[in-house]
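Notes follow once the structure below has been shown.
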């Protein structure tokens, strides 16, 4: 049976826009303290790259980086505000991407669906519950990182055949390139505001189906 591994954040629902809104507000608050945006962005980026290795992804890791950046920039008074932003991101409403609600039942009828997402269990499962999409997935996998070993582990765990297994997502770095390196087939659906950490060139090796919208999956897999 064909299996579709489907990314969640920015593939099934909006996610990065909430982080971008907080970053924009953070930069405004730094500006009020005469800290240049370019400097703020640089320090925040460096903090994110450090913290990803140990804290992973999601609201807690992101706001840990905001705390680190604020302290380094001499804006420690922003820490209560940052704590409030973490709570807001954690509980943000779910905005499904266009075509998701209509297409998932069609895919479910003809394929085994596995939701594959990075982040904290509690945060990601909360999104799944609020989305109302859990019933369309046969399994849910929340992982710390999406690496070649992650995909190989899923092939073993679910006894999947690589030629019959597709990874669908918006991130070349997490959804496409490591899945291809593990022998899976892939579907790339671009997102208008993919986090810069997830951007890289798509490997020419293996097979990648390029689509523009989630709803187009029905023509290929339903």
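The values are calculated or read from the model by the stated rules, or taken from the named source; none is laboratory data. Quick caveat: nothing in here was measured; it's all calculated off a predicted structure. Here Cβ is always computed from backbone atoms with ideal geometry, including for glycine, and neighbour counts include all displayed protein chains.
Residue-by-condition table, conditions (1) under 21 Å from residue 146 (Cα atoms); (2) within 15 Å of the chain's Cα centre (by Cα); (3) outside the structural domain of residue 135 (by TED's automatic domain parsing):
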residue	(1), (2), (3)
27	no, no, yes
38	no, no, yes
42	no, no, yes
52	yes, yes, yes
102	no, no, no
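Here residue 77 meets the list (1) in the same structural domain as residue 57 (by TED's automatic domain parsing); (2) within 20 Å of residue 21 (Cβ to Cβ) almost entirely, failing just condition (2).
Applying the criterion of being at pLDDT 95 or above and over 18 Å from the mean Cα position of the chain (by Cα) to the residues of the stretch 184-207, the residue that is farthest from residue 147 (Cα to Cα) is 185. Looking at the stretch 33-53, is at least one residue in a loop (DSSP other than H, G, I, E, B), touching a residue at least 12 places away in the same chain (Cβ under 8 Å) and crowded, with 19+ Cβ neighbours inside 10 Å? Within the stretch 33-53, not a single residue is in a loop (DSSP other than H, G, I, E, B), touching a residue at least 12 places away in the same chain (Cβ under 8 Å) and crowded, with 19+ Cβ neighbours inside 10 Å.
Conditions (1) more than 25 Å from residue 6 (Cα to Cα); (2) at pLDDT 95 or above, marked per residue:
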{"site": "56", "(1), (2)": "no, no"}
{"site": "81", "(1), (2)": "yes, yes"}
{"site": "88", "(1), (2)": "yes, no"}
{"site": "102", "(1), (2)": "no, yes"}
{"site": "114", "(1), (2)": "no, yes"}
{"site": "119", "(1), (2)": "no, no"}
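Being in the same structural domain as residue 113 (by TED's automatic domain parsing), at pLDDT 95 or above and touching a strand residue (DSSP E or B) at 6+ places or on another chain (Cβ under 6 Å): is that true of residue 141 here? Yes, satisfied. For the stretch 193-215, does any single residue satisfy the condition of being more than 27 Å from residue 51 (Cα to Cα) and assigned to a helix (DSSP H, G or I)? Yes, the stretch 193-215 contains at least one residue that is more than 27 Å from residue 51 (Cα to Cα) and assigned to a helix (DSSP H, G or I).
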